[in-house]
Amino acid sequence: MTLTEFIRGEIAKPFDLATNNCAHFIARWVADKRDRDLLAVFGGLPIETTEDLLARHQMLRTIMICCRSIGLARTSEPSEGDIATVRCGGRHRCAIRSANGWVFLDECGVLFVSPKMVKPLMCWSV
């Protein structure tokens with residue numbers, strides 16, 4: 001599946017902090033590309049614990065642990081389809097690199113953002 005096809009399938013899914021947030025968005029992308037569950041390390045944890053980690057600005061550490069657990073390599077030069085934790089609009093977000101910038105899911109839906117408005121914090125090759 002191409003990134004465009006993936007995004008088309010995601011647009012209709014409403015944001016939900018517990019079941020469909022930016023971490024779930026990139027996890028579905030990784031599952032499609034690598035057939036691995038990015039969020040498997042949370043298996044067995046209460047949803048409140050998982051969401052608490054993400055909500056308390058620990059997203060960078062949390063996603064780093066997830067990526068490490070499935071063997072994704074860090075990259076300093078993300079290309080289309082790679083994932084990252086980024087800072088945009090004063091918030092940490094999980095995002096996918098597109099040909100023209102970054103794409104992520106938040107309360108407003110799937111957003112495409114110029115690279116000029118995003119600061120990649122940690123990136124992984126998918």
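Throughout, read-outs are computed from the coordinates displayed, never taken from laboratory work. Remember, predicted model here, so these are calculated numbers, not experimental data. Backbone-built Cβ (ideal geometry, glycine too); neighbour counts: all protein chains shown.
The modelled label-to-label distance between E5 and L17, using points 7 Å beyond Cα along the C-beta direction, is 3.5 nm.
Counting pairs of alpha carbon atoms under 8 Å apart in space and at least six apart in sequence, what relative contact order in percent does segment 3-124 give?
Numbers: 174 pairs, mean separation 33.6, N = 122.
Contact order relative to length: 28 percent.
Amide H to amide H distances under 5 Å link R36 with A31, where only residues 5 or more positions off or on other chains count and H is placed in the peptide plane. The length gained by stretching the chain between M117 and E77 to full extension, at 0.36 nm per residue less their Cα-Cα distance, is 12.7 nm. Using θ = phi - 60° in the Karplus curve 6.51 cos²θ - 1.76 cosθ + 1.60, the 3J(HN,Hα) couplings for segment 107-114 round to 4, 8, x, 7, 10, 9, 10, 4 Hz; x is entered for Gly and Pro. Legend: Rg and Dmax of segment 62-126, from Cα coordinates, 11.1, 31 Å. Note on the chain: Cα-Cα pairs beyond 18 Å make up 47% of the total pair count.
Across segment 73-126, C-alpha contacts under 8 Å between residues 6 or more apart give a mean separation that, scaled by the residue count, equals a relative contact order of 46 percent.
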